[in-house]
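The values are calculated or read from the model by the stated rules, or taken from the named source; none is laboratory data. Values in this document were obtained by computation on a predicted structure and should not be read as measured data. Every residue, glycine as well, gets a Cβ built from its backbone with ideal geometry; the counts of neighbours run over all protein chains shown. Accessible surface areas use protein heavy atoms only, side chains included; no ligands, DNA or RNA. Shrake-Rupley method; radii C 1.70, N 1.55, O 1.52, S 1.80 Å.
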Amino acid sequence: MNIKLILKYGLVGLLGTVLHFAVLVALVEGVQFQPVWASAIGFIVVLLVSYVLNKYWTFQDSPSGWKPLVKYSVVSGVGLLLNSGIMYTVVDWLHWNYLIGQCFVVIAVPISNFIFNYYWTFRKSAHS
């Protein structure tokens with residue numbers, strides 16, 4: 001694992017974090033969505049944007065085809081469950097502000113997603 005790769009993933013993650021917060025706040029404050037659902041929708045938007053950026057910029061040498069997208073979706077699905085679980089715990093159980101919950105999401109989900117995406121989703125096959 002090299003530092004350039006981690007920095008690229010971090011930049012994509014930073015963009016995704018800003019986008020996720022923007023969608024979350026817009027839906028909660030502007031449309032009165034429930035925060036857990038708004039965060040899940042933001043997560044899905046970021047999933048699409050970050051897949052394209054990670055596939056074609058961060059992990060440029062990764063395998064092509066549908067397999068990486070399916071793997072990325074599985075990893076992101078686990079991330080979405082983690083995201084929703086954290087938001088539910090913070091907002092509905094602890095009754096804290098939804099932005100505090102989103103801060104916890106920003107710490108936990110990107111770390112787990114990077115590990116799975118690096119070692120599984122975008123890993124070059126042994127035949128390459």
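Put a dot 7 Å past each Cα toward the Cβ at N2 and W93; how far apart are the dots in nm?
Distance between label points: 4.2 nm.
If you count only protein heavy atoms and use a 1.4 Å probe, how large is the accessible surface of W57, to the nearest 10 Å²?
Taking all protein chains as shown, W57 has close to 100 Å².
Quick check: convex hull of the Cα atoms in segment 66-128, volume per residue, rounded to a whole Å³?
65 Å³
Any chance you could list the semi-axes, whole Å, largest first, of the equivalent ellipsoid that the Cα gyration tensor gives for the chain, using √(5λ)?
Working from the Cα gyration tensor, I get semi-axes of 29, 13, 13 Å.
Given 0.36 nm per residue, what is the gain on full extension from A22 to D61 after removing their alpha carbon distance, in nm?
Result: 10.9 nm gained on full extension.
Sum -39500 (n - 2.57) across every DSSP H segment of at least 4 residues in the chain, then divide by the residue count to get the 222 nm mean residue ellipticity, nearest 500.
Calculated at 222 nm, the ellipticity per residue is -22500 deg cm²/dmol.
If I take R0 = 22 Å and measure r between the Cβ atoms of V70 and V45 in this structure, what FRET efficiency does the formula 1/(1 + (r/R0)^6) give, to the nearest 0.05?
Values: r = 19 Å, r/R0 = 0.87.
My answer for the efficiency is 0.70.
How far is helix 35-53 tilted off the main Cα axis of the chain, in degrees rounded to 10, range 0 to 90?
Tilt relative to the chain: about 20 degrees.
With a 1.4 Å probe and all protein chains kept in place, how much accessible area does S64 have, in Å² rounded to the nearest 10?
We get 100 Å² for S64.
Averaging sequence separations of C-alpha pairs under 8 Å and six or more residues apart, then dividing by the length of the chain, give the relative contact order as a whole percent.
Relative CO of the chain lands at 27 percent.
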